[in-house]
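Structure record follows, encoded as structure tokens.
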Amino acid sequence: MRNGKYSPVLTVKEIWKLLEEIPDPEIPVLSILDLGIVREVKLINSVPEISITPTYSGCPAMDMIERQIRDALLDEGFEEVHIRSQLSPAWTTDWISEEAKAKLAAYGIAPPEHSTKDKRVLMGLEERVVRCPHCRSIDTEMKSQFGSTACKALYVCNSCKEPFDYFKCI
Amino acid sequence: MEIQQAKFEYARRMGDNGLILGHRLSEICGHGPAIETDIAVTNIALDLIGQARNWFTLAARLEGLGKTEDDYAYKRDVYQFGNAILCEQPNGHFGETIARQFYFDAFHFHLLAELCHSADPDFAAIAEKSLKEVTYHLRFSSEWVIRLGDGTEESHTKMNEALKDIWFHTGDLFVRDEVEEVLTNAGVVPDLRKIYTKYMDTVKTTISEANCDMPEGTYFNTGGKKGVHTEYLGFMLAELQFLPRAYPDAQW
């Protein structure tokens with residue numbers, strides 16, 4: 001309790017800074033800000049109101065993320081926290097920053113390769129090259145549209161023979 | 001019928017479709033023919049149940065009786081469910097699971113694409129979110145229809161039979177009633193006849209690519225929207241609802 005129980009004064013900017021420290025439960029190298037899950041931070045009569053959006057409708061990490069945000073803010077001395085789930089605009093991999101994509105690759109997950117505005121790719125009418133995060137080869141093959149979590153597809157690299165996750169574009 | 005009432009019924013039916021088909025698919029968890037398909041089918045189940053939760057939450061708000069999404073999932077009996085009877089059909093062999101999924105995905109995909117332009121912002125928001133997921137579902141099921149249909153002699157025979165057998169349950173997806181009419185007139189939901197045309201295009205293209213026969217039956221099993229279901233739904237609910245019925249208000 002940095003500011004003492006009775007003077008919970010974080011500005012909106014400081015709350016954003018605090019949220020930057022909260023890791024995604026499934027991909028701990030990324031923060032919830034890297035992923036673009038937090039859409040809005042407001043202070044209404046000194047009560048923080050945070051809007052978050054799910055990556056997938058059934059994402060089991062959402063409850064956990066909500067709890068982490070709540071705990072972090074209560075720890076700072078806020079006595080009340082409002083968290084709102086917002087569906088529109090729907091979350092898209094386009095919101096993952098370039099820096100976060102580099103972190104994903106370093107962690108062993110191939111980052112999304114194209115913009116979701118490219119409907120032909122999204123419908124599977126055109127394939128994009130997915131680079132192996134281990135050996136950087138582009139000789140890779142999709143094994144399954146669905147991987148270890150809803151947001152990932154399963155690939156295998158034909159050069160180094162390693163399987164890897166690909167963060168698919170939605 | 002009041003528009004508010006129609007919106008509530010529609011949102012709850014959408015939730016019922018997602019919950020019932022999602023639960024059916026979840027039965028395959030740990031029993032899939034290969035680990036990749038097992039994981040894929042379970043992921044699709046998760047998406048559908050997540051979407052059902054969104055629709056039920058909206059339904060609860062529209063109904064205004066202070067219910068939660070769990071009330072709709074756990075505290076209703078067979079005749080109160082409004083899902084299409086296609087969704088409750090048993091998994092059968094993998095070709096049958098895929099045939100059921102493919103017909104549903106083709107319908108769901110085109111319906112959601114239109115619902116994104118709904119006059120109701122809550123309907124549009126859930127549709128926009130769901131459509132991204134369902135695009136992948138349709139890709140997955142279409143690819144399997146083609147792989148099995150255009151595969152070995154045995155897989156072709158089984159896929160072709162499955163597409164024909166399950167066809168009987170697909171007409172229920174396109175039944176129009178008062179709820180549909182009130183909402184179509186208000187621009188909240190698209191005209192099902194328009195969806196049907198797009199659905200048939202998708203279905204015909206994929207079935208022909210799979211070298212299978214386009215089913216020709218015109219007599220369909222219907223009744224889901226009115227709560228008239230096949231025998232399978234009761235057995236499914238017995239399992240789905242066991243815990244909250246045996247231990248009311250259990251927390252975990």
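The values are calculated or read from the model by the stated rules, or taken from the named source; none is laboratory data. Since this is a predicted model, take the numbers as computed values, not measurements. So basically every Cβ, Gly included, is an ideal-geometry build from the backbone, and we count neighbours across all protein chains shown. We work out accessible area using only protein heavy atoms, side chains counted, and drop any ligands, DNA or RNA first. Shrake-Rupley method; radii C 1.70, N 1.55, O 1.52, S 1.80 Å.
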Checked the stretch B:110-140 for anything more than 30 Å from B:E36 (Cα to Cα) and touching an Asp or Glu at 6+ places or on another chain (Cβ under 9 Å); matches are B:E114, B:L115, B:C116
In the stretch B:114-135, residues that are open to solvent by 10 Å² or more (accessible area, probe 1.4 Å), within 11 Å of chain A (Cβ to nearest Cβ) and touching a residue at least 40 places away in the same chain (Cβ under 8 Å) total 1
Of the residues in the stretch B:20-42 that are of a type outside the set (D, E), assigned to a loop (DSSP other than H, G, I, E, B) and open to solvent by 40 Å² or more (accessible area, probe 1.4 Å), the one that is farthest from B:L240 (Cα to Cα) is B:A34
For the stretch B:199-252 the number of residues that are among the acidic types (D, E), at pLDDT below 95 and within 17 Å of B:H169 (Cα to Cα) is 1
Pairs returned, first residue in the stretch A:139-159 that is over 21 Å from A:D94 (Cβ atoms) and more than 9 Å from every other protein chain (Cβ to nearest Cβ), second residue that is among the basic types (K, R) and in a strand (DSSP E or B), beta-carbon separation under 6 angstrom, 6 or more apart or interchain, are A:V156/A:K143
Flagged pairs (Cβ under 7 angstrom, 6 or more apart or on separate chains; first in the stretch B:159-182, farther than 16 Å from B:E88 by Cα; second among the basic types (K, R) and open to solvent by 20 Å² or more (accessible area, probe 1.4 Å)) are B:V175/B:K225; B:D177/B:K225
Just one listed residue, out of B:A60, B:A84, is touching a Leu at 6+ places or on another chain (Cβ under 8 Å) and not polar (S, T, N, Q), and it is B:A84
When the stretch A:127-170 is checked residue by residue, the ones that are charged (D, E, K, R) and either part of a strand (DSSP E or B) or touching a Phe, Trp or Tyr at 6+ places or on another chain (Cβ under 8 Å) (or both) are A:E141, A:K143, A:K152, A:D165, A:K168
When the stretch B:1-13 is checked residue by residue, the ones that are part of a helix (DSSP H, G or I) and open to solvent by 20 Å² or more (accessible area, probe 1.4 Å) are B:I3, B:Q4, B:Q5, B:K7, B:E9, B:R12, B:R13
Among helices (runs of 4 or more DSSP H) entirely within the stretch B:155-252, at least 1 residues that are under 27 Å from B:D77 (Cβ atoms), open to solvent by 20 Å² or more (accessible area, probe 1.4 Å) and of a type in the set (G, A, S) occur in B:232-240, B:242-246
Exactly one of B:A59, B:A45 is part of a helix (DSSP H, G or I), open to solvent by less than 10 Å² (accessible area, probe 1.4 Å) and away from chain A (no Cβ under 11 Å), and that residue is B:A59
Of the residues in the stretch A:94-126, those that are at pLDDT 70 or above, open to solvent by 70 Å² or more (accessible area, probe 1.4 Å) and not in a helix (DSSP H, G or I) come to A:E113
